[in-house]
Amino acid sequence: MQRVKQEIKKAVKGKDLVIDKVLATMLAGGHILLEDIPGVGKTTLAMAIAKSMSLSYKRVQFTPDVLPSDLVGFSMYNQDTKKFEYQEGAVYCNLFLADEINRTSPKTQSALLEVMEEGNVTVDGVTRKLPEPFTVIATENPLGSSGTQMLPESQLDRFMVCLSLGYPDHEAATEILKENAKKPLTLLENVMTVERFMELRKKTNDMYVHDSVYDYIVTLVEETRTNPLFSMGASPRGSIALLRMAKAMAVLDDREYVTPEDIRSVLVDVLGHRVKLSTKARAEGKNINKALDELFQSVKVPRTSQTK
């Protein structure tokens, strides 16, 4: 994955940690929600990943008039054959960019639920399998921006991580200006085949995990349900996402086992959009990051987790 990262960095400057976490999510078989203001490189990141990894790529700009059939497809009557024929929707690809997903209707957002959870599309009672790998990268503008609406909890829970690119630092912003005329996306090369990526995904799935780490993850997630800092805790899907992300981070680090640090590095990204702060925590001026950090500090780290 190092060569892939180097290619992506040609187009996305100063965001190495976010690139790592996006690649880890893809290795873990999950989907990514990028929450940020327009113009910080969310679309560029998705396009750079697709090009460097030989993935088929489609993008839909979500607006109020986008229909579910635009995404999952529809049946059209063919006058020649006298039969209804299925027309594929935009999700038939390896990497689907749902741009500004919180600007479209709840009905259209809901069309992605089966797609993200099962990797299938059901139209007119017929279920069809999507290509593998399949990843959704959805972007959303901060709530309160013109024309936005909140994503339902059921859909937020389908995203393995919620990340933010943020503004580039001064050095990265200068590099972006210098290389803007070169159109860096056109310079990227395919450095990984789909077959090789699927091998790495299998390695991630088969990663060794010590029993104490399983217990540690469950304890952390259970704590979100009982800790007074939170009014809503994470579901079992959150536990699974935390485990799969920790495995993927270990693979990126070229290790054969998961450590507590792997879990710590993705805790906020995995659980931040799955929990809600309590009134008490908000009154104390805490945000999600601070509350989850306090939770992490309160749970004993297993000693045997680094031994295979």
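Every number here is computed from the coordinates shown, using simple stated rules; none is lab data. This is a predicted model, so every value here is computed, not measured. Quick reminder, even Gly has a Cβ in these numbers, built from the backbone with ideal geometry, and neighbours come from all protein chains shown.
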As straight-line cross-link partners of K178, the qualifying aspartates and glutamates (C-alpha separation under 18 Å, not fewer than 8 residues apart within one chain) are E7, D169
The alpha-carbon center of the stretch 221-251 and that of the stretch 1-31 are separated, in whole Å, by 22
For Q6 and L177, extending 7 Å from Cα along the Cα-Cβ vector and measuring point to point gives, in nm, a value of 2.9
Of K178, K13, K21, the most mobile residue in a GNM of the chain (C-alpha springs, cutoff 10 Å) is K178
For the stretch 286-297, Karplus-derived ³J(HN,Hα) couplings (6.51, -1.76, 1.60; θ = phi - 60°; whole Hz; x for glycine and proline) come out as 8, 10, 4, 4, 5, 5, 5, 5, 5, 4, 4, 5
Most fluctuating of Y57, Y86, Y77 in the GNM of the chain (C-alpha, under 10 Å) is Y77
Per the charge dipole of the stretch 2-194 (beta-carbon charges, Lys/Arg positive, Asp/Glu negative, Cα centre), the residue among V161, A48, T81 reaching farthest to the positive end is A48
Once the in-chain neighbours fewer than 8 apart are removed, the lysines whose Cα is under 19 Å from K58 read K42, K129
Relative contact order in percent for the stretch 207-306 (Cα pairs under 8 Å, 6+ apart) equals 38
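Answer rounded, prolate or oblate for the stretch 18-66, using the Cα gyration tensor with square roots of eigenvalues a ≥ b ≥ c: rounded when a/c is under 1.5, else prolate when a/b is larger than b/c, else oblate.
Prolate is the answer for the stretch 18-66, as a/c is 1.5 or above and a/b outweighs b/c.
What does the helix-only formula give at 222 nm for the chain: each DSSP H stretch with n ≥ 4 adding -39500 (n - 2.57), the total divided by the residues, and the result rounded to the nearest 500 deg cm²/dmol?
For the chain, the value works out to -13500 deg cm²/dmol.
Would you please calculate the Kirkwood hydrodynamic radius of the stretch 144-211 over all C-alpha pairs and express it in Å, rounded to one decimal?
When all Cα pairs of the stretch 144-211 are included, the Kirkwood radius is 17.4 Å.
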Over all Cα pairs of the stretch 1-111, the Kirkwood radius sets Rh, and Rg/Rh then becomes 1.06
Residues meeting the amide H criterion for G73 (H placed from the backbone, H to H distance under 5 Å, 5 or more places apart or on another chain) are G89, A90
Cα-based Rg then Dmax for the stretch 46-98, in Å, read 14.2, 43
Mean Cβ-within-10 Å packing, highest first, puts peptides 185-196, 101-112 in the order 101-112, 185-196
Spelling it out for R255: with amide H atoms placed in the peptide plane at 1.01 Å from N, the residues 5 or more places away or on another chain with amide H under 5 Å from its amide H are none
Too long for a 23 Å Cα-Cα cut-off, among K203/K300; K51/K183; K15/K51, are K203/K300
In whole Å, largest first, the alpha carbons of the stretch 207-306 cover along the principal axes 43, 22, 21
Sorted largest first, the Cα spans of the chain on the principal axes come out in Å as 68, 43, 42
Computed curve, the stretch 86-180, Cα-only Debye sum without solvent term, log₁₀ I(q)/I(0) at 0.10, 0.12, 0.13, 0.21 Å⁻¹, is -0.37, -0.51, -0.58, -1.10
Listed residues G14, G272, G39; largest mean-square fluctuation, Gaussian network over the chain with Cα springs below 10 Å, found at G39
Log entry: pair-distance distribution for the stretch 23-178, C-alpha pairs binned every 10 Å from zero, whole % per bin is 10, 38, 33, 13, 4, 1, 0
Counting sequence-distant residues (5 or more places) and residues on other chains, those with an amide H built under 5 Å from that of V161 are H31, L33
Taking Lys and Arg as +1 and Asp and Glu as -1, residues besides R128 with C-beta under 12 Å from its C-beta add up to -3
In whole Hz, the Karplus estimates of ³J(HN,Hα) for the stretch 18-34 (6.51, -1.76, 1.60; θ = phi - 60°; x where Gly or Pro) are 5, 4, 4, 6, 5, 5, 4, 4, 5, 5, 7, x, x, 10, 10, 10, 9
Each label sits 7 Å from Cα toward the beta-carbon; between M192 and I240 the label points are separated, in nm, by 2.3
Residue-ordered couplings for the stretch 261-266, obtained by feeding phi - 60° into the Karplus form 6.51 cos²θ - 1.76 cosθ + 1.60 and rounding to whole Hz (Gly and Pro as x), are 5, 4, 5, 4, 5, 10
Relative contact order as a percentage, the stretch 195-249, C-alpha pairs under 8 Å and 6+ apart, gives 35
For the chain, averaging the sequence separation of alpha carbon pairs under 8 Å that lie six or more residues apart and dividing by its residue count, the contact order in percent is 22
